[in-house]
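Everything below concerns the one structure shown next.
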Amino acid sequence: MAHWFHRNPLKATAPQDFNLKMVSHDVEAIKILSDLKQARARVLQLLPDPHHSTEQLETAIKLYLSLTRGFLEAKTSDEGTQASKLRHAIRFRWTHSMLGAGEPESQHDAVFELANLMINVGLWHMKHAGMIAARDDLKMEEAKDIHTSLRKASGIMKFVQDTLLPQLIERPKNGSDLDVRVIAAYLNQCTAEAQEVTIARAIELKHNPGLISALANETTKMYTTAADSLGTLDQKLFGHWRCYFLLKARFYAAYAYNFAGENLLAEDKCGEAIRALQESQKCFAQAVEFAKEYSKVKGPGTKAKPEQHAFFRRLAPIVKRTLEKCERENGLIYHQKVAYDPPELEIKDKTFGLVSPEAFELPTMSSLWTAVAYASFDTALTDKEKQKQKAAEKAEGELKPVQEVPVKQSETDPKTDSGCVVS
């Protein structure tokens with residue numbers, strides 16, 4: 001297996017008919033409602049299967065978002081925009097990835113719809129990356145696809161965090177996907193996982209060990225930040241996911257100290273190199289303990305024994321070989337004292353090799369949203385219509401979990417030093 005990633009379940013939602021009152025039966029307004037229903041259904045049809053192409057999903061989501069923009073803004077007579085009268089006209093229901101299908105949340109808010117939908121799109125990109133990573137003998141183009149998918153996911157999560165969450169009127173539920181702590185965890189996870197691909201590639205190409213150490217150190221920080229963001233949430237639900245972040249943080253700390261040791265040896269600082277590698281062994285032992293805990297702790301998301309995966313098993317022998325080499329060199333040549341404290345991990349250049357999210361923007365509004373089409377919709381409800389709406393809401397039951405298409409995991413070990421096939 002090229003990379004091992006934790007994945008949370010997709011969010012479920014109710015079908016949407018987009019039944020809006022109309023004061024006049026404008027052809028384009030009628031087509032907007034028909035296209036909205038079909039476009040949303042198409043997106044929801046694609047999301048459970050990460051084997052679809054990115055182009056398929058992006059084409060479908062672009063169509064739906066271009067139509068949904070009419071619920072966020074409306075054109076003015078001077079070609080400007082104003083808030084749409086339709087933003088609160090439709091009620092949307094969504095579950096949350098970590099709270100389960102039994103706790104759906106509903107709001108009359110198109111921003112609520114967009115935020116939840118885009119998180120699901122971000123999750124699809126993460127699952128798509130995981131699907132590619134599970135293949136045997138990854139080629140360079142496939143490694144690039146993994147990297148790109150994770151950067152896209154990261155950009156989408158950042159868009160939700162920075163653009164959509166501040167627009168919400170209702171306060172998000174604790175532990176929901178709209179909770180700032182949860183979205184921060186997803187954002188850091190996507191970015192850190194994309195950086196894992198960068199590190200694997202750098203190892204295979206035998207880049208400067210100081211650079212690899214710096215990248216691994218930054219990845220450790222991202223995973224630690226992700227773990228910290230979940231620390232104040234219910235650990236019965238979030239403990240399993242948080243454990244993934246903690247084990248990855250310790251794992252990449254072990255990588256960081258291993259390559260720092262290599263770098264120090266190249267600089268004839270053999271005593272410091274030995275201490276760095278001792279710290280690497282300590283971090284790896286901590287990662288093993290978190291991996292064992294991860295297998296036992298209950299919670300939503302991937303179930304696995306990460307310590308049995310190739311990416312995990314390959315690191316310990318690498319650290320052992322490098323440490324033995326340093327100890328031999330020190331005994332024969334350097335005779336340096338081994339430092340008490342581990343060396344500080346350096347950042348050579350904070351921009352070189354570091355992953356940044358791929359910026360996401362909403363597509364332009366559909367040309368169907370003419371002034372006449374917009375004016376055709378009536379958002380006012382009579383008392384009788386309000387009562388009917390409330391009765392329908394009371395009769396709603398739980399949402400069924402999304403039936404996701406499983407991804408077959410390879411059981412073949414990659415033949416590379418990193419345990420990651422990205423060449």
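The values are calculated or read from the model by the stated rules, or taken from the named source; none is laboratory data. On a predicted model such as this, the values are computed, not experimentally measured, just so you know. No Cβ is skipped: glycine too gets one built from the backbone with ideal geometry, and neighbour counts run over all protein chains shown.
Tabulated results
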item: Qualifying residue in the stretch 397-404 (condition: modelled with pLDDT of 70 or more and over 20 Å from K127 (Cβ atoms)); result: yes
item: Unique residue being among the hydrophobic types (A, V, I, L, M, F, W, C), closer than 24 Å to Q195 by Cα and either in contact with a helix residue (DSSP H, G or I) (Cβ under 7 Å, 6 or more places away or on another chain) or at pLDDT 85 or above (or both) when the list is F360, F377; result: F360
item: Test: A249 is among the aliphatic types (A, V, I, L, M), without any contact (Cβ under 8 Å) to a residue 40 or more places away in the chain and buried (at least 24 other Cβ atoms within 10 Å of the Cβ); result: yes
item: Selected residue (criterion: nearest to H96 (Cα to Cα)) from residues of the stretch 15-27 that are crowded, with 16+ Cβ neighbours inside 10 Å and touching a Phe, Trp or Tyr at 6+ places or on another chain (Cβ under 8 Å); result: Q16
item: Single residue of the stretch 53-68 satisfying the filter (in contact (Cβ under 8 Å) with a residue 24 or more places away in the chain and surrounded by fewer than 20 Cβ atoms within 10 Å (Cβ to Cβ)) that is farthest from L33 (Cα to Cα); result: T54
item: Every pair of residues 6+ apart whose Cβ atoms lie under 9 Å, when the first sits in the stretch 70-85 and is on the phi < 0 side of the Ramachandran plot while the second is modelled with pLDDT of 90 or more and of a type in the set (V, I, T); result: G70/I32; F71/I90; F71/V111; L72/V111; K75/T370
item: Test for A375: is it closer than 24 Å to H3 by Cα and among the hydrophobic types (A, V, I, L, M, F, W, C); result: no
item: Number of the exception - R135 against (1) touching a helix residue (DSSP H, G or I) at 6+ places or on another chain (Cβ under 8 Å); (2) at pLDDT 95 or above; result: (2)
item: Residue that is within 22 Å of E307 (Cα to Cα) and of a type outside the set (D, E), where the choices are K206, K248; result: K248
item: Hey, T148 more than 30 Å from A83 (Cα to Cα), at pLDDT 95 or above and surrounded by fewer than 19 Cβ atoms within 10 Å (Cβ to Cβ) or not; result: yes
item: Single unsatisfied condition, A291 versus (1) buried (at least 19 other Cβ atoms within 10 Å of the Cβ); (2) under 29 Å from the mean Cα position of the chain (by Cα); (3) closer than 21 Å to L215 by Cα; (4) hydrophobic (A, V, I, L, M, F, W, C); result: (3)
item: Residue count for the stretch 229-275, restricted to those that are farther than 30 Å from G100 by Cα and of a type in the set (F, W, Y); result: 4
item: Search result, residues across the stretch 165-178 that are of a type outside the set (G, A, S) and surrounded by fewer than 22 Cβ atoms within 10 Å (Cβ to Cβ); result: L165, P166, Q167, L168, I169, E170, R171, P172, K173, N174
item: Sole residue being in contact with a helix residue (DSSP H, G or I) (Cβ under 7 Å, 6 or more places away or on another chain), at pLDDT 95 or above and either over 30 Å from V297 (Cβ atoms) or not in a helix (DSSP H, G or I) (or both), chosen from L265, L233, L211, L246; result: L233
item: Scope the stretch 2-39; condition farther than 22 Å from L178 by Cβ, in a loop (DSSP other than H, G, I, E, B) and under 26 Å from the mean Cα position of the chain (by Cα); matching residues; result: A2, H3, W4, F5
item: Odd one out for M98 among (1) modelled with pLDDT under 95; (2) among the hydrophobic types (A, V, I, L, M, F, W, C); (3) in a loop (DSSP other than H, G, I, E, B); result: (1)
item: Qualifying position, being under 30 Å from G175 (Cα atoms), modelled with pLDDT under 90 and not β-branched (V, I, T), among K305, K350, K292, K296; result: K305
item: Odd one out for T191 among (1) crowded, with 24+ Cβ neighbours inside 10 Å; (2) closer than 30 Å to E329 by Cβ; (3) modelled with pLDDT of 95 or more; result: (2)
item: Residue within the stretch 24-47 that is in contact with a Lys or Arg (Cβ under 6 Å, 6 or more places away or on another chain) and either more than 30 Å from A129 (Cβ to Cβ) or modelled with pLDDT of 95 or more (or both) present; result: no
item: Cβ-Cβ under 6 Å pairs, at least 6 apart or on other chains, the stretch 170-199 side under 17 Å from L237 (Cα atoms), far side at pLDDT 95 or above and of a type in the set (S, T, N, Q); result: D177/S97; R181/S229; I183/Q161; A184/S229; A185/S229
item: Residues within the stretch 101-150 that are among the small types (G, A, S) and assigned to a helix (DSSP H, G or I), tallied; result: 8
